[in-house]
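Here the structure comes first, spelled out in structure tokens, and everything after it is commentary.
The values are calculated or read from the model by the stated rules, or taken from the named source; none is laboratory data. Worth saying up front: this structure is predicted, and the values here are computed from it rather than measured. Here the Cβ positions follow ideal geometry from the backbone for every residue, glycine too, while neighbour counts run over all protein chains shown.
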Amino acid sequence: MINKPKDWVFSDPRLKEMKQDYAAYSEEDFKVWKILFERQMPNLPKAASKAYLEGVETVKFTADRIANFEELNEILDKTTGWAVQVVPGLIDDDLFFGLLNNKRFPSSTWLRKMEQLDYLEEPDMFHDAFAHMPLLTNQHYVDFLEKLSGIALRHIQDPWAIQLLSRIYWFTIEFGLIREEGELRIYGAGILSSAGETKFSLSDEPKHFPYDVRKIMNTEYWKDHFQDKYWVIDSYEQLFDSLSEIEEVLEEMLKQKMEN
């Protein structure tokens, strides 16, 4: 039995009780998934975090089958109690953080076309599923995601606060690196879904810094090209344990803005 989210998840008109229509996927959709999967997966055994690789096995992703959310939710419910919530695409901050705070990962169900294999302005299902969902099987990772979103909801009316917290999300969940057995590995979904940035992020070209909440919250990020800097955690426990510091630095930065 899948855990039910709070009532507002079903009542919010922006969701419209959306579901994945698996039977509607075309032959091209399956080809796109297979091409992207087979192009990126061989790069990851020596590049991705151990937790991600274990997660791929747990959620049973393969090149020949587009991720099936109904099957996936059964697996996630048994591992961390999370589930995937279908959304129409990019959604408002309050709904995005609200879903995460209720252990629901928002995901689109559409896949890019063949002519979009190398460039896509808006994240599609391959990014949402292939890159994000295997790590939803890691308890410290999802606990961090849930609590960070709770902090965001408490400040949802303050755009500056959301911008600061979005920097944390960006440089961890989307573009974070982790050091495992002395080697840099990837856990950020924005990198895991990009063959080019997978290679680039682990190279000597960008700068690598130890995870630092204050520095991250004072750093803007890029949306249209590779990052020029990445922050490296030592463990997913470190991410979760940093939540109190995130709140402290956030309050400090908000107070400074009011005084200036």
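Tabulated values for the structure
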{"item": "Within region 165-205, tally of residues that are under 27 Å from Glu248 (Cβ atoms) and at pLDDT 95 or above", "result": "18"}
{"item": "Residue within region 13-23 that is among the aliphatic types (A, V, I, L, M) and either surrounded by 12 or more Cβ atoms within 10 Å (Cβ to Cβ) or touching a strand residue (DSSP E or B) at 6+ places or on another chain (Cβ under 7 Å) (or both) present", "result": "yes"}
{"item": "Selected residue (criterion: nearest to Leu120 (Cα to Cα)) from residues of region 220-260 that are of a type in the set (S, T, N, Q) and within 19 Å of the chain's Cα centre (by Cα)", "result": "Gln227"}
